[in-house]
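> Handing you this structure, nothing more for now.
The values are calculated or read from the model by the stated rules, or taken from the named source; none is laboratory data. Keep in mind that what you see is a predicted model, and the values were worked out from it rather than measured. Glycine also receives a Cβ, built like all others from the backbone with ideal geometry; neighbour counts cover every protein chain displayed.
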């Protein structure tokens, strides 16, 4: 490693290397090469400090070569830019209140900048203290301190803001006009460079974070118009710039450059830095391999693509990644181990460095996440990285408790954790107009403005990969049993395509997540992994049937839904349990009760049918009986007439019952005997055919009291009481001590 990778441009002092490691794209060139561009607008981590420093470096070089005009650079050689490292006084509530007005902040900044520049310029003005107007003379001593010697922006800022709000307002009112006049008379070139105002305010004073920045922007623009010898170069956070609107907005925009990088440009930027720091041709040469193994899709992924997914899309993210990789890349001799360990290094850096700092950088703009504890309290509720809108609402409702009204459109933004997560760039969306059109996953980039109100017509919501280890760590320290898991087969990340297969894989993963039987879960999980890993994977129906034949009918039906994915690449609609209701004609009342019974079964979600529903499709009685026997369940409604015809081998009932009796021992769970009347031993003698033996009869008369729970349990082959499995550890006897005789 030739140099230490530096994520903070404020620590760079070897300015002669600027030409080597500063990456230039269109927006960067526009700022560096255009003399009319003074204001660099960008989110955190995009290199505002670096670009301001490089702009000064270029201007100084040009001045040294020209040298025709006297030119002052503020600050002097060190530091290279004017930083306000801290606010030296505690701001009172009243002072914060007045500083929430950006126009007040503008007047404040105009005076600060004018006084600092005047302290650096010609000495004639400093000799005029005795000639100050009366209003100004009231502040003579303070002004002498501020402009009697060269003072930085930071010094003047902190001296003035130290005044209490009344004195501060009076001071601005009394001296602004006179100081402004003297400022306009400066006739030599002055270049002033200001940066990092957002830093000093992002850990406190949230209420003034935006107005004090936009006030500075407006002040700088006005000052350059009032004196064309003055050039003010400064950086403003994009979030503050986007929130500001004034009559000067359009005019100021002509002096603004908004810094942006595409994915392709970020790769070029990384390769450029690798050349500078590591003397390698590109990222792949630097690492010694091209891809990382992916344990979610089981397909190798390009190293930069992986880093891009785990970044927020900022140059600083990649510098932090590469710094960690540079420290560790020569620690492994085995290439397989090296790939896995360096991949882990990226995931942990994204969690421990990027995410932790991201909250601090944006917390003053959050509507819901008012503290880091609140942010963590929400994240711990997430269990998977793909959500539907309904799942999103359920989590939000659980988080907000009684404060949630269940209607996102009417809910105050302070109750919208997912909106904050989206604005942090940590919640993505899948949105498409047609199910057949492939789209790319969309995460908010650092170059986009904040927005609130997540719509319900979004197909899926996605949790950023950078949160993977962060949430896992939260879960490890929480009492929650369910842990955070990535859905198998679905690659989540900015600009990653979302295919129709991903939609089906989401359903498959939801299916797996619902399985509570451990061996069944392992069976289907292994099938899915084989399907994804092996291009020539062939599903074996016979092995499937053999493996799952011992499970209840409702589970087998549920499993069949999953099997459709292996045959057709999509989850099939779950097929309801089919039921054929067999009965004997007694009278019209009995016929109506059977019809009503079938209708009730269908309302319960079972595909129940009786002979009168099938006569047109199966006019042949034998074919109708064959259909009935193919159903999952056959319910026999016992009655005196049914017993008579079955025992006397009479009519269609006998034909049907003979087929049932022949199959009864082979498939005992398939047949369910029921009684409409209250069941008793006397009734059993009257309605039960001899061939059914001592089979259990479901009492539907009694079943009315519990929504026919016993009948449903027989149909689904599900136990009413969830009896625990036999514990592998057998209870031991506690032996008693035998006392001596």
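> Scan the stretch 306-338 for residues that are within 26 Å of the chain's Cα centre (by Cα) and either outside any helix (DSSP H, G or I) or without any contact (Cβ under 8 Å) to a residue 60 or more places away in the chain (or both) and jot them down.
Going through the stretch 306-338, the residues within 26 Å of the chain's Cα centre (by Cα) turn out to be 306-325.
Selection gives 306, 307, 310, 311, 312, 313, 314, 318, 321, 324, 325.
> Given (1) more than 22 Å from residue 593 (Cα to Cα); (2) within 53 Å of the chain's Cα centre (by Cα); (3) surrounded by fewer than 10 Cβ atoms within 10 Å (Cβ to Cβ), where does residue 665 come up short, assuming only one miss?
Unmet for residue 665, out of (1) more than 22 Å from residue 593 (Cα to Cα); (2) within 53 Å of the chain's Cα centre (by Cα); (3) surrounded by fewer than 10 Cβ atoms within 10 Å (Cβ to Cβ): (2).
> Ok, one more. Among helices (runs of 4 or more DSSP H) lying entirely in the stretch 162-250, which contain 2 or more residues that are surrounded by fewer than 21 Cβ atoms within 10 Å (Cβ to Cβ) and more than 29 Å from the chain's Cα centre (by Cα)?
Those helices (runs of 4 or more DSSP H) span 165-184, 209-226.
> Suppose the filter is within 22 Å of residue 260 (Cβ to Cβ) and exposed (fewer than 12 other Cβ atoms within 10 Å of the Cβ); does residue 8 pass it?
Details: within 22 Å of residue 260 (Cβ to Cβ): yes; exposed (fewer than 12 other Cβ atoms within 10 Å of the Cβ): yes.
Yes, satisfied.
> Let me ask something else about it. Restricting to the stretch 520-542, name every residue that is loosely packed, with under 11 Cβ neighbours inside 10 Å and farther than 25 Å from residue 579 by Cα.
526, 534, 535, 536, 538
> Right, something else. I'd like to verify a number: residues in the stretch 546-569 that are exposed (fewer than 11 other Cβ atoms within 10 Å of the Cβ) and either under 33 Å from the mean Cα position of the chain (by Cα) or in a helix (DSSP H, G or I) (or both), how many? Reasoning before the result, please.
First, the residues of the stretch 546-569 that are exposed (fewer than 11 other Cβ atoms within 10 Å of the Cβ): 546, 549-550, 567-568.
Applying the additional criterion that residues be either under 33 Å from the mean Cα position of the chain (by Cα) or in a helix (DSSP H, G or I) (or both) yields 546, 567-568.
Looking only at that region, the number is 3.
> Mind checking which residues of the stretch 474-493 are in a loop (DSSP other than H, G, I, E, B) and crowded, with 17+ Cβ neighbours inside 10 Å?
Going through the stretch 474-493, the residues in a loop (DSSP other than H, G, I, E, B) turn out to be 477-484, 486-493.
Across the stretch 474-493, the qualifying residues are 484, 486, 487, 488, 489, 490, 491, 492, 493.
> Can you tell me which residue in the stretch 500-519 is surrounded by the fewest Cβ atoms within 10 Å (Cβ to Cβ), limited to those that are in contact with a helix residue (DSSP H, G or I) (Cβ under 9 Å, 6 or more places away or on another chain) and part of a loop (DSSP other than H, G, I, E, B)?
Result: 517.
> Taking residue 481 as the residue in question, decide whether it is modelled with pLDDT under 95, farther than 28 Å from residue 315 by Cα and in contact with a strand residue (DSSP E or B) (Cβ under 7 Å, 6 or more places away or on another chain).
Details: modelled with pLDDT under 95: yes; farther than 28 Å from residue 315 by Cα: yes; in contact with a strand residue (DSSP E or B) (Cβ under 7 Å, 6 or more places away or on another chain): no.
So residue 481 fails the test.
> Shifting gears a bit: Taking the residues in the stretch 251-267 that are within 17 Å of residue 450 (Cα to Cα) and touching a strand residue (DSSP E or B) at 6+ places or on another chain (Cβ under 7 Å) as candidates, determine which candidate is surrounded by the most Cβ atoms within 10 Å (Cβ to Cβ).
Here the answer is 259.
> Considering each residue of the stretch 339-369, count those that are more than 24 Å from residue 308 (Cα to Cα) and either part of a helix (DSSP H, G or I) or without any contact (Cβ under 8 Å) to a residue 40 or more places away in the chain (or both), and give that number.
So the count comes out to 2.
> If you take the residues of the stretch 449-467 that are in contact with a helix residue (DSSP H, G or I) (Cβ under 6 Å, 6 or more places away or on another chain) and assigned to a helix (DSSP H, G or I), which of them is nearest to residue 512 (Cα to Cα)?
465
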